[in-house]
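A.B. asks: Can you keep this structure in mind? I'll have questions shortly.
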Amino acid sequence: MSCLKSFAVRQLARAAFLTCLTVVAHAGGSSSGVAEDRPSASSQRAWSDVSDLVRSKDADLRAVGIDRLREGLHGESFTRQAADLLSSLPPNTQVALLAALAGRGDPAAVPAVRRLAEAATDSTVRGSAVKALANLGGAAEVPVLVKALAVEPVKATARKALVEIRGDGVARAIVEAAGTADPGARALLLDALTDRRERAAMPGLLMAIGDADGGVRQAAIRGLTRLGGPDELNVLVDEFLKSSGDDRKALEQAVVSVCSANPGKERATPLLLARFTAADDDARDALLPLLARLGDPQTMRVLDGMIADPTQRRRGLEALAKWPDATVADRLLGLLSEATDEREKGLLLGALIRISPLPDNKLNDSQKLELVKRTMGLCQRKEDKAKLIERANAIRTIETLRFVVPFLDQPELAEPACLSVVELAHHQKLRDDNKAEFTTALDKVLGITKNEELVERATRYKAGQTWDRNKKT
């Protein structure tokens with residue numbers, strides 16, 4: 001017992017000592033918070049005490065010193081002295097001091113931090129120095145961050161720092177670096193410029209979509225997808241028409257974003273329609289599905305004309321099937337009721353299955369479910385019914401559960417019905433507001449499905465628990 005009391009006394013004394021050090025340290029330096037370029041004698045004594053703490057082998061004492069550097073001892077002189085300590089410290093203390101210097105936000109630390117960002121052999125230290133440069137540096141430090149992109153352990157940190165670093169000339173320095181870097185770094189720099197939303201990067205992005213390196217091309221397309229506007233549309237269309245594979249898919253998305261989501265979209269869509277009207281047959285074939293994805297009324301008039309023409313009907317229907325929302329539902333239902341060709345029927349039905357439960361604002365939940373029911377009445381194949389049942393859970397209402405539950409009793413459709421029941425139960429408020437119905441439905445799921453994940457989820461939901469999609473057990 002006496003040993004325990006002695007230990008407790010020592011711990012209390014240690015805590016009191018650390019508290020005293022913190023108070024004393026915070027009393028030193030400039031109490032007003034005004035920077036001191038020439039610290040007083042008392043301030044220098046405070047610095048001497050704090051620097052001893054930072055160099056201490058005791059972790060608690062080091063923490064007191066680091067905290068004081070972060071919160072007090074104002075002025076460039078103290079910043080430079082703290083930065084000068086970096087080279088003499090072990091890695092773990094270097095990391096802590098780098099974070100404190102970054103928190104001070106004083107550019108006086110940049111030379112010492114830059115040296116570690118360029119040459120530290122410990123990857124954690126180097127990464128911490130790179131991170132600190134994002135807070136402390138400016139345009140002159142961009143080359144250091146670009147160089148760090150080639151160092152695998154700190155690549156992600158350098159990429160993030162290039163997004164966060166601020167100051168006059170920084171954007172221009174990154175743009176210039178992107179113009180001369182090797183392909184791997186160039187792609188990362190283009191992505192960083194995109195994340196910074198730098199319009200100054202636009203000429204480089206437009207040039208890079210024709211680059212010989214696929215990674216650079218994809219980075220440029222990502223940038224134009226997010227930043228592009230009407231002024232970039234013609235170049236995007238030109239590249240789309242001559243591209244293939246992944247590039248073509250990405251460029252299609254870029255054009256759709258420019259015309260439907262980005263600033264200036266109101267001007268972009270008429271420009272795209274003008275390109276389509278003036279294009280040759282091959283280009284029109286390529287652009288038509290893309291236009292359909294925009295859901296523009298002028299495009300619908302074009303499609304109606306094509307569908308009425310036997311020589312163009314197939315292409316018109318294929319484009320119509322790509323319409324982005326349920327506003328086209330009545331048109332699809334009408335065409336399906338008249339169709340005699342089995343391929344046409346399959347195409348139109350597939351479009352209805354896709355759009356019926358879409359989570360957009362074109363129909364309310366009751367209208368969506370009614371469209372799902374009408375579409376189910378048109379389905380003949382088990383595969384089509386199963387797909388629609390799976391998609392129905394996007395309509396998060398108790399009426400959807402009541403629509404899905406009867407399919408649990410049909411062996412050929414029971415598994416997709418199990419999935420939809422569990423997906424609906426994932427939404428806690430819906431589940432809690434209709435607990436009895438969900439409990440009965442989940443009991444049926446547990447008696448049917450052999451899917452381990454569905455069993456786990458159904459069990460958890462029955463017990464009122466949650467399930468994290470990103471942390472599957």
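A.B. asks: If you go through segment 106-116 one residue at a time, do you hit one that is over 22 Å from ASP191 (Cα atoms), surrounded by fewer than 15 Cβ atoms within 10 Å (Cβ to Cβ) and more than 26 Å from the chain's Cα centre (by Cα)?
C.D. replies: Yes, because at least one residue in segment 106-116 is over 22 Å from ASP191 (Cα atoms), surrounded by fewer than 15 Cβ atoms within 10 Å (Cβ to Cβ) and more than 26 Å from the chain's Cα centre (by Cα).
A.B. asks: For segment 433-454, give me each residue that is over 17 Å from VAL405 (Cα atoms), assigned to a helix (DSSP H, G or I) and without any contact (Cβ under 8 Å) to a residue 12 or more places away in the chain.
C.D. replies: GLU452, the sole residue that qualifies.
A.B. asks: Additional query: Quick check, is PRO411 in a loop (DSSP other than H, G, I, E, B), free of Cβ contacts under 8 Å to residues at least 60 places away in the same chain, assigned by TED's automatic domain parsing to the domain that holds GLU452 and not charged (D, E, K, R)?
C.D. replies: yes
A.B. asks: Looking at segment 367-378, can you tell me whether even one residue there is outside any helix (DSSP H, G or I) and without any contact (Cβ under 8 Å) to a residue 60 or more places away in the chain?
C.D. replies: No, because not a single residue in segment 367-378 is outside any helix (DSSP H, G or I) and without any contact (Cβ under 8 Å) to a residue 60 or more places away in the chain.
A.B. asks: Then there's this: Would you mention how many residues in segment 382-404 are assigned to a helix (DSSP H, G or I), among the charged types (D, E, K, R) and within 18 Å of GLN367 (Cβ to Cβ)?
C.D. replies: Total meeting the criteria: 3.
A.B. asks: Another question about this same structure. LEU408 versus (1) closer than 23 Å to THR439 by Cα; (2) surrounded by 16 or more Cβ atoms within 10 Å (Cβ to Cβ); (3) within 35 Å of the chain's Cα centre (by Cα): which is the lone unmet condition?
C.D. replies: For LEU408, the failing item is (3).
Residue-by-condition table, conditions (1) of a type in the set (Val, Ile, Thr); (2) in a helix (DSSP H, G or I):
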residue	(1), (2)
ASP282	no, yes
THR311	yes, no
ARG315	no, yes
PRO324	no, no
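The values are calculated or read from the model by the stated rules, or taken from the named source; none is laboratory data. Please read all numbers here as calculations on a predicted model, not as lab measurements. Note that we place each Cβ from the backbone using ideal geometry, even for glycine, and neighbour counts take in every protein chain shown.
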